[in-house]
Amino acid sequence: MAATMPRVTRWPAVRVFEHHVMVYRRTWRGSIVTSFLSPVLFLSAMGLGLGTLVDANNPGGIAGVTYLVFLAPGLLASSAMQTAAFESTYPIMSGMVWMKTYEAMVTSPIAPRSVVFGQLAWVATRLTIVASVFLGVMFAFGAATFPSALIAVPFAVLTGLAFAAPIQAFSATQKNDTNFNAIFRFGITPLFIFSGTFFPVTQLPIYLQPIAWLTPLYHGVALSRGAALGTLDLPTALIHIGVLIAFIAIGIAASLVTFRRRLVS
Amino acid sequence: MLLRLFPIIPFGSRRAGRLVERNVWVYRHGWLIIFSGFFEPLFYLLGIGFGLGKLVGSVNGLTYAQFVAPALLATAAMNGAIYDSTFNMFFKLKFAKTYDAVLSTPLGVGDIAVGEVAWALIRGTLYSLGFMVVIFMLGLALSPWALLAVPAAMLIGFAAAAIGTSCTTFIRKWQDFDMVFVVTLPLFLFSATFFPITAYPDAIRILVEFTPLYRGVHLIRGLTTGQIEPMLLVDCLYLIVLGLIGLAIVSRRLKFLLLK
Amino acid sequence: MPNEPRPALIHARALTKRFGEMTAVDAIDFDVAPGEAFGFLGPNGAGKTSTMRMIGCVSPRSGGTLEVLGMDPDHDGPAIRARLGVIPQQDTLDMELTVQENLWIYARYFDLSYAEARERSKELLEFVQLQDRAKDEVQNLSGGMKRRLTIARGLINEPDLMLLDEPTTGLDPQARHLLWDRLYRLKQRGVTLVLTTHFMDEAEQLCDRLVVMDKATIVAQGSPRQLIERYATREVLELRFPQGVQETLNGKLDGLADRIEHLPDRLLLYTPDGDAAAAAVHDRGLAPESVLVRRSTLEDVFLRLTGRTLIE
């Protein structure tokens with residue numbers, strides 16, 4: 001009778017991940033160029049160009065280092081955030097509405113929860129690529145010490161996932177992409193500018209600072225900067241990591257609900 | 001002679017306004033998107049101009065916010081026009097087939113080209129007006145000439161929309177938009193936006209001086225800081241010529257794409 | 001001169017369209033008279049849509065003459081389009097707008113005032129039975145509703161000539177019949193209809209006259225009845241044999257029909273009298289699994305003229 005037993009897909013989330021890899025094999029060229037070019041351009045313009053002005057005005061450095069060295073790890077965490085936010089908005093809309101690839105998946109033995117985990121595994125992979133390229137550029141600019149700064153890569157991945165999980169949960173509830181603009185304009189862009197990437201959060205008005213502490217990017221920047229500068233101590237690191245993991249956990253729980261509601265109803 | 005080079009200007013006259021009407025209708029549903037576009041340069045002004053500005057100190061005798069505000073206006077004008085004329089237009093061209101529907105009415109290709117560029121311009125002007133109000137309120141405008149910064153930003157928007165639209169007509173798939181990013185990001189970062197052009201070695205400085213956004217930043221910064229000089233007219237001329245070249249390419253390419 | 005025929009709304013001679021090396025439309029001649037429903041029939045890739053686009057003034061012709069409403073599409077595009085109603089193969093509605101806004105802005109493209117636009121769109125929404133959905137967003141409509149809205153949109157300028165490219169492809173039977181009914185009423189009002197289709201029943205229902213296109217040329221033209229008389233017999237006898245038997249019939253059916261067509265799953269015998277032919281089959285000792293006598297349709301004409309190979 002074994003021959004007639006229906007075969008249930010093993011490791012369904014891995015199959016979802018495979019789908020993303022297969023698509024990326026067609027589209028990676030442009031994204032590799034931008035993930036390399038973006039840190040090179042930002043570090044030379046803001047780190048070197050603007051940095052000359054900042055350093056001349058602050059002989060003691062920012063947090064004790066040159067502006068380039070201060071800025072680079074912050075940008076690393078920010079670019080993880082931006083990559084994650086992008087990968088968790090438009091591609092989700094495509095899977096649910098535009099191309100309905102997720103709908104196609106759940107007509108096979110793959111369940112919505114596997115779509116959630118496969119998607120997150122894919123975002124983590126993308127984040128690893130982006131963060132590694134970014135760190136490579138930082139080494140080339142002399143903005144981080146090899147090899148101790150390598151720990152910044154998993155920190156960046158964690159930062160990105162802390163955005164990806166909640167945002168994809170939200171994206172799965174949307175019918176079209178109009179609200180994504182709001183996420184980027186009122187969420188991602190202000191975080192990019194105010195969460196300690198370009199200047200220490202202590203520069204903000206005192207009443208805004210607690211708000212910054214609540215955002216995942218603040219903790220991501222703190223971890224990434226601590227790793228690059230070698231100033232991280234274990235207890236603070238654990239607190240930052242804990243906050244990020246909390247965001248990821250809540251995001252996954254919400255995604256499991258919203259993906260199921262959207263795909264099986 | 002000029003009419004022969006740019007035949008669409010008399011061609012796409014009154015009817016082009018209908019396409020603008022269409023976009024107004026569409027955006028009545030998504031007014032929040034338009035409204036939100038105003039905040040992006042504002043965040044940059046507060047964060048970079050004032051927050052980071054404390055670390056930078058003064059630049060060429062200006063506070064950093066005074067220095068960076070006109071550049072942010074110029075880049076906002078460019079980015080807004082580019083976004084509308086690339087992503088949005090590509091969607092209408094390839095997926096929504098909006099223009100195929102338009103072309104089965106008395107409207108022609110020239111009307112589409114002029115209408116879309118005009119719409120991008122109107123949107124950009126709204127943003128520029130809003131941003132200029134903020135600049136005046138924060139005391140970052142040092143001269144009454146700053147009032148002219150709005151029409152100057154319109155020129156930047158016109159050039160960017162025309163060039164953006166003409167690039168869109170060459171785009172085949174979404175991934176090609178990485179190229180838009182590859183062009184606009186360096187313009188954004190290196191057009192004397194965040195630091196003065198004197199920071200560059202001579203060879204690079206001359207190169208930057210030939211780029212469109214630098215001309216735009218130079219023009220608006222001249223107006224808001226009251227450093228009026230003949231070079232500002234060259235800036236205007238540069239942007240106008242660029243825009244007209246873009247328009248000519250657009251109408252030719254659209255004819256090729258839509259009237260097969 | 002009262003006996004002179006009314007001038008044709010569309011007049012084409014040696015009309016040709018080339019895309020590079022490929023000839024999509026190869027020197028075709030046709031005329032469409034005012035008030036008639038004229039159909040282009042043909043398999044995919046036969047050149048129907050290219051012809052429609054040339055008539056719609058969105059595709060410059062590569063050769064020949066073409067007059068639409070007495071004007072030349074090359075020079076008078078906007079003036080011609082002002083009097084056309086176009087229903088494209090794929091709906092090109094503005095998905096971001098509501099149903100009535102789609103009609104309003106389209107009316108504006110034709111220079112109607114907002115007052116006119118409102119009034120006309122109200123009438124047209126009733127005509128296509130969408131009055132209850134006027135304020136809905138288009139993306140929430142069903143396929144049939146979208147199609148009806150596209151028809152209403154094409155009528156907003158009260159066109160003299162409607163171009164319909166596969167108007168009912170992809171619709172369910174109810175939606176198709178509703179559309180046919182609306183198109184028939186338009187015809188009664190004197191609107192000239194030009195349509196392409198590959199549904200034979202649609203062509204028989206709607207068209208006074210049609211041309212069959214294949215491989216960029218016109219292979220036949222006439223009324224549906226004329227075409228059936230010319231290219232098919234009055235009746236068709238369909239025979240289905242048990243698996244494997246059909247191949248062993250060589251010659252056993254000779255002389256029973258004007259023409260015999262071998263399909264993979266059945267035989268078609270074209271004959272003036274199907275019942276007589278069926279009796280003759282039994283007389284020869286053959287025992288088909290099923291026997292069906294039916295009247296010839298345009299489908300028989302179409303398949304005879306354009307062949308049975310799948311064209312993509």
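Would a scan of region A:197-212 turn up a residue that is surrounded by 18 or more Cβ atoms within 10 Å (Cβ to Cβ), in contact (Cβ under 8 Å) with a residue 12 or more places away in the chain, assigned to a helix (DSSP H, G or I) and more than 10 Å from every other protein chain (Cβ to nearest Cβ)?
Yes, there is a match, as at least one residue in region A:197-212 is surrounded by 18 or more Cβ atoms within 10 Å (Cβ to Cβ), in contact (Cβ under 8 Å) with a residue 12 or more places away in the chain, assigned to a helix (DSSP H, G or I) and more than 10 Å from every other protein chain (Cβ to nearest Cβ).
Filter region C:110-131 down to the residues that are open to solvent by less than 50 Å² (accessible area, probe 1.4 Å) and assigned to a helix (DSSP H, G or I) and list them by number.
C:Ala117, C:Arg120, C:Ser121, C:Leu124, C:Leu125, C:Phe127
Which ranges mark the helices (runs of 4 or more DSSP H) fully within region B:15-130 that have 1 or more residues being open to solvent by 20 Å² or more (accessible area, probe 1.4 Å), within 14 Å of chain A (Cβ to nearest Cβ) and farther than 22 Å from B:Phe188 by Cα?
Qualifying helices (runs of 4 or more DSSP H): B:16-29, B:31-37.
Would you mind finding the one in A:Leu71, A:Leu127, A:Leu135 that is open to solvent by less than 40 Å² (accessible area, probe 1.4 Å), under 30 Å from A:Leu263 (Cα atoms) and part of a helix (DSSP H, G or I)?
Working: A:Leu71 fails: under 30 Å from A:Leu263 (Cα atoms); A:Leu135 fails: under 30 Å from A:Leu263 (Cα atoms).
That would be A:Leu127, the only listed residue that is open to solvent by less than 40 Å² (accessible area, probe 1.4 Å), under 30 Å from A:Leu263 (Cα atoms) and part of a helix (DSSP H, G or I).
Pick from region C:135-159 the residues that are surrounded by fewer than 16 Cβ atoms within 10 Å (Cβ to Cβ) and more than 23 Å from the chain's Cα centre (by Cα): which of them is nearest to B:Ala101 (Cα to Cα)?
Result: C:Gln139.
Out of all the residues in region C:287-302, which are in contact with a strand residue (DSSP E or B) (Cβ under 8 Å, 6 or more places away or on another chain) and under 17 Å from C:Asp265 (Cβ atoms)?
Within region C:287-302, C:Pro288, C:Glu289, C:Ser290, C:Val291, C:Leu292, C:Arg294, C:Asp300 meet the criteria.
Kindly state which strands (runs of 3 or more DSSP E) lie completely within region C:1-75 and contain at least 3 residues that are out of contact with any Pro (no Cβ under 8 Å at 6 or more places or on another chain) and more than 21 Å from C:Val301 (Cβ to Cβ).
The strands (runs of 3 or more DSSP E) meeting that bar are C:10-19, C:22-32, C:63-68.
Of all the residues that make up region B:78-91, how many are over 19 Å from B:Leu46 (Cβ atoms) and within 10 Å of the chain's Cα centre (by Cα)?
Just the residues of region B:78-91 that are over 19 Å from B:Leu46 (Cβ atoms), to begin with: B:78, B:81-91.
From what is left, the residues that are within 10 Å of the chain's Cα centre (by Cα) are B:78, B:81-85.
Going through region B:78-91 one residue at a time, the tally reaches 6.
Give the residues of region A:152-174 that are open to solvent by 60 Å² or more (accessible area, probe 1.4 Å) and either closer than 30 Å to A:Val264 by Cα or among the β-branched types (Val, Ile, Thr) (or both), sorted by residue number.
A:Phe170, A:Thr173
Please indicate, with yes or no, whether at least one residue in region C:213-223 is out of contact with any Cys (no Cβ under 6 Å at 6 or more places or on another chain), of a type in the set (Asp, Glu) and open to solvent by less than 20 Å² (accessible area, probe 1.4 Å). Please lay out each step first, then the result.
Initial filter on region C:213-223 (out of contact with any Cys (no Cβ under 6 Å at 6 or more places or on another chain)): C:213-223.
Right, trim to of a type in the set (Asp, Glu) and you get C:214.
Pick out the ones that are also open to solvent by less than 20 Å² (accessible area, probe 1.4 Å) and you get C:214.
Among the residues of region C:213-223, at least one is out of contact with any Cys (no Cβ under 6 Å at 6 or more places or on another chain), of a type in the set (Asp, Glu) and open to solvent by less than 20 Å² (accessible area, probe 1.4 Å), which makes the answer yes.
I'm checking my understanding of the structure. Among residues of region C:85-105 that are more than 7 Å from chain B (Cβ to nearest Cβ) and not polar (S, T, N, Q), which one is farthest from the chain's Cα centre (by Cα)?
C:Trp104
Could you please let me know if A:Ala149 is over 22 Å from A:Ile250 (Cα atoms) and either surrounded by fewer than 18 Cβ atoms within 10 Å (Cβ to Cβ) or of a type in the set (A, V, I, L, M, F, W, C) (or both)?
For A:Ala149, the condition - over 22 Å from A:Ile250 (Cα atoms) and either surrounded by fewer than 18 Cβ atoms within 10 Å (Cβ to Cβ) or of a type in the set (A, V, I, L, M, F, W, C) (or both) - is met.
The values are calculated or read from the model by the stated rules, or taken from the named source; none is laboratory data. The model shown is predicted, which means the values in this text are computed figures rather than measured ones. Quick reminder, even Gly has a Cβ in these numbers, built from the backbone with ideal geometry, and neighbours come from all protein chains shown. Surface accessibility is based on the protein's heavy atoms, side chains included, excluding ligands, DNA and RNA. Shrake-Rupley method; radii C 1.70, N 1.55, O 1.52, S 1.80 Å.
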